[in-house]
Amino acid sequence: MGCDSILEINLLIIPPSFDTVTVAACNSFTSPSNLQTWTVSGTYNDTLTNSMSCDSILTIHLNILNPSIHTISMNACDSLVSPSGNQTWYQTGTYTDTLINSLGCDSMVTINLTLHPSYYMQQSITSCSSLVSPSGNYTWQNTGIYLDTLTTKMGCDSIIEISLTIPPTTSTTLTESACKKYHSPSGNYVWFTSGTYIDTIPNHQGCDSIITIHLTIDTVNITVLYRNDSLISTANNASFQWLNCNTNTVIPDATDSVLLLLQNGKFSVEINSSGCIDTSNCILVTTVGIEPPRFGTIKISPNPTIGTINIDGIIPTENTVIEIYTILGSLILKTNSQNVDHIDLEIPGLRGTYLMVLYTPRGIQRFTIVKQ
């Protein structure tokens, strides 16, 4: 209508609000209004709208934090999981990983990585009774396949698969006989008496082989008697060889159990009894040549002789054994007579002195015969 309309206004003037904050940020910081981005530490103002729709002036003391950067060298076995846990590396090389440092910013890590291999080996081993594993952590007593772990000089695992064979202990029993003493199969023992013994030797697998030995020690009867100028061995079922201890020589043809002595000296006998050989002690004889008393009417003629002698005075009803020996005691002739009172004998051999011995039920008579 063109007339005045008078408006009464109740006006409230609200001043802007002010605030101050201190902020730390990594690399850069975007203002709360999103209108600015700061990359350098400093004091900045930003304007926001408060709840009254008026300006809110914000003073920001800003500290820009830079990321930390590190380089490290690492050794690992086979592979390495990155420090962040986000990657796994399987080859030697240089790698980068990102962590969060204590200020909450990125920590860039450059890793010079050297990877060392672990090893897996297989072995076949034969052992006796038991085997201590290469690591020393296990003792295995049965045949089987086992795993053991060692550490290489770089600290990595070295895994060993062991195919183990534990062979059984072998044993055997022997029945043995020996002369005077017996050396055990191992060579560790010498036994001098009969009995049952145990010995141990390695078998073809290098393990113990237990031997039970039933042992008989054979001994030789080396007892020698001296009677009527004769040395008599008391051994039975044996062979003999008489020895001259003065000259350390064998007496030729002296291989009977009885040695008829023609001279004084020292004598012994070597006796072989079923392959067991032993020698008696030397026996000193000093009475040879002392004639025993004779009996009867036996006569020898001619003496000296050129070869044949006549023996008279033999009693026909007696069995008379006649032996002729060399001066060294070797028997060269042996005969016997019965139902006769006269015998003619040819002395074999070369010229020399011989001993004739007559054995009768009444005793022994000796005659020295000279062959010219």
Worksheet item: Condition test on Ile217, is it closer than 30 Å to Ile125 by Cβ and crowded, with 17+ Cβ neighbours inside 10 Å?
Response: no
Fill in: Hits in region 24-34 (condition: closer than 30 Å to Met108 by Cβ and touching a strand residue (DSSP E or B) at 6+ places or on another chain (Cβ under 8 Å))
Ala24, Ala25, Cys26, Asn27, Ser28, Phe29, Thr30, Ser31, Pro32
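Can you name every residue in region 258-277 that is among the β-branched types (Val, Ile, Thr) and within 51 Å of the chain's Cα centre (by Cα)?
Of everything in region 258-277, those that are among the β-branched types (Val, Ile, Thr) and within 51 Å of the chain's Cα centre (by Cα) turn out to be Val269, Ile271, Ile277.
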Discussion item. Condition first: surrounded by 13 or more Cβ atoms within 10 Å (Cβ to Cβ) and closer than 30 Å to Thr219 by Cβ. Can you find one or more residues in region 331-350 that meet it?
Written reply: yes
Item to complete: State which residue is surrounded by the fewest Cβ atoms within 10 Å (Cβ to Cβ) when the search covers only region 220-241 and only residues that are closer than 21 Å to Thr353 by Cβ and either of a type in the set (Val, Ile, Thr) or touching a residue at least 40 places away in the same chain (Cβ under 8 Å) (or both).
Response: Asn228
Worksheet item: Can you pull out the residues in region 1-55 that are among the hydroxyl-bearing types (Ser, Thr, Tyr) and within 28 Å of Leu103 (Cα to Cα)?
Response: Thr20, Thr22, Ser28, Thr30, Ser31, Ser33, Thr37, Thr39, Ser41, Thr43, Tyr44, Thr47
Worksheet item: Out of the residues in region 159-187 that are in a loop (DSSP other than H, G, I, E, B) and small (Gly, Ala, Ser), which is farthest from Tyr120 (Cα to Cα)?
Response: Ser184
Worksheet item: Residues in region 196-208 that are surrounded by 12 or more Cβ atoms within 10 Å (Cβ to Cβ) and over 28 Å from Ile125 (Cβ atoms): how many?
Response: 1
Worksheet item: Is there a residue being exposed (fewer than 13 other Cβ atoms within 10 Å of the Cβ), of a type in the set (Ser, Thr, Tyr), modelled with pLDDT under 90 and under 30 Å from Val23 (Cα atoms) anywhere in region 106-120?
Response: no
Worksheet item: From the set of residues in region 32-81 that are in contact with a Leu (Cβ under 9 Å, 6 or more places away or on another chain) and among the small types (Gly, Ala, Ser), which is farthest from Met154 (Cα to Cα)?
Response: Ser56
Worksheet item: Restricting attention to region 242-257, and to residues there that are crowded, with 18+ Cβ neighbours inside 10 Å and in a strand (DSSP E or B), which single residue is farthest from the chain's Cα centre (by Cα)?
Response: Asn244
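The values are calculated or read from the model by the stated rules, or taken from the named source; none is laboratory data. What you see is a predicted model; the values in this text were computed from it and never measured. Quick reminder, even Gly has a Cβ in these numbers, built from the backbone with ideal geometry, and neighbours come from all protein chains shown.
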